[in-house]
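Here the structure is laid out as structure tokens; the discussion comes afterwards.
The values are calculated or read from the model by the stated rules, or taken from the named source; none is laboratory data. On a predicted model such as this, the values are computed, not experimentally measured, just so you know. Cβ atoms come from the backbone with ideal geometry, glycine included; neighbour counts cover every protein chain shown. Only protein heavy atoms, including side chains, enter the accessible area calculation; ligands, DNA and RNA are left aside. Shrake-Rupley method; radii C 1.70, N 1.55, O 1.52, S 1.80 Å.
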Amino acid sequence: MQIATPTPGLHIDEVMNNAAAAFGVFHQYTQEQVDAVVKAVYHAGFNARVSLAELAHQETRLGVVKDKVVKNIIATRYVYGDIAKLKTVGIVSEDEESGIVEIAQPIGPIFCVTPITNPTSTVLFKILIALKTRNPIIIRPHGAARKCSIEAARSRVAQLSGGKIGYIHISAMGGGNYRQFDAEQRGFALRVNG
């Protein structure tokens with residue numbers, strides 16, 4: 001039997017520790033704070049819908065730009081429309097007859113693998129949903145769609161209050177190498193500093 005060994009340079013403990021630190025702060029957000037973050041993130045993604053579609057087409061050489069724009073609209077405007085008014089903090093429902101009370105609690109971190117076929121729309125809607133539920137998200141894009149996936153997440157980061165509201169991590173592996181894209185380095189990672 002063969003036992004898999006970790007990828008050299010893959011600092012999963014660091015990624016998980018950062019996600020846990022973000023979780024420790026972000027799960028304390030009120031519904032109003034969460035809704036403000038999600039709204040800002042929606043606007044950033046929606047405003048970047050065309051450039052992200054063009055980048056995805058250019059990088060992957062798959063699909064039609066116009067169709068990718070439509071998918072980015074669905075992943076932002078329609079997803080946001082569906083989740084904007086959802087209560088995701090505290091008591092979300094009470095059934096007095098049965099005595100059942102539903103309380104929303106984040107479970108994070110969420111690990112997300114994205115496809116080559118719809119990379120930007122997948123990143124856009126998964127980030128929206130993760131933030132709405134106060135969960136950190138770790139994104140692993142398809143290697144052939146790495147740049148556009150990073151840019152889709154970055155379009156969200158630009159709108160967030162100093163990168164202190166949640167945790168989004170995106171990684172790229174190739175040739176056994178792992179790089180964490182960080183605001184101070186080559187990309188981004190949102191971290192909560194408390």
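Key figures for this structure:
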| item | result |
| --- | --- |
| Options 56, 75, 19: the member that is out of contact with any His (no Cβ under 8 Å at 6 or more places or on another chain), assigned to a helix (DSSP H, G or I) and under 19 Å from residue 134 (Cα atoms) | 75 |
| Residue 137 being of a type in the set (A, V, I, L, M, F, W, C) and more than 30 Å from residue 62 (Cα to Cα) | no |
| Leading residue by the ranking (least open to solvent (accessible area, probe 1.4 Å)) among those in segment 96-106 that are touching a residue at least 12 places away in the same chain (Cβ under 8 Å) and in contact with a strand residue (DSSP E or B) (Cβ under 8 Å, 6 or more places away or on another chain) | 104 |
| Some residue of segment 136-143 being open to solvent by 30 Å² or more (accessible area, probe 1.4 Å) and touching a Pro at 6+ places or on another chain (Cβ under 7 Å) | yes |
| Scope segment 64-95; condition among the charged types (D, E, K, R) and open to solvent by 40 Å² or more (accessible area, probe 1.4 Å); matching residues | 66, 67, 71, 77, 82, 85, 87, 94, 95 |
| Count of segment 91-131 residues which are assigned to a strand (DSSP E or B), at pLDDT below 90 and among the β-branched types (Val, Ile, Thr) | 2 |
| Some residue of segment 117-129 being surrounded by fewer than 18 Cβ atoms within 10 Å (Cβ to Cβ) and more than 24 Å from residue 23 (Cα to Cα) | yes |
| Test: residue 50 is out of contact with any Cys (no Cβ under 6 Å at 6 or more places or on another chain), open to solvent by 20 Å² or more (accessible area, probe 1.4 Å) and farther than 20 Å from residue 154 by Cα | no |
| Criterion (out of contact with any helix residue (DSSP H, G or I) (no Cβ under 9 Å at 6 or more places or on another chain) and among the small types (Gly, Ala, Ser)) met by exactly one of 51, 121, 93 | 93 |
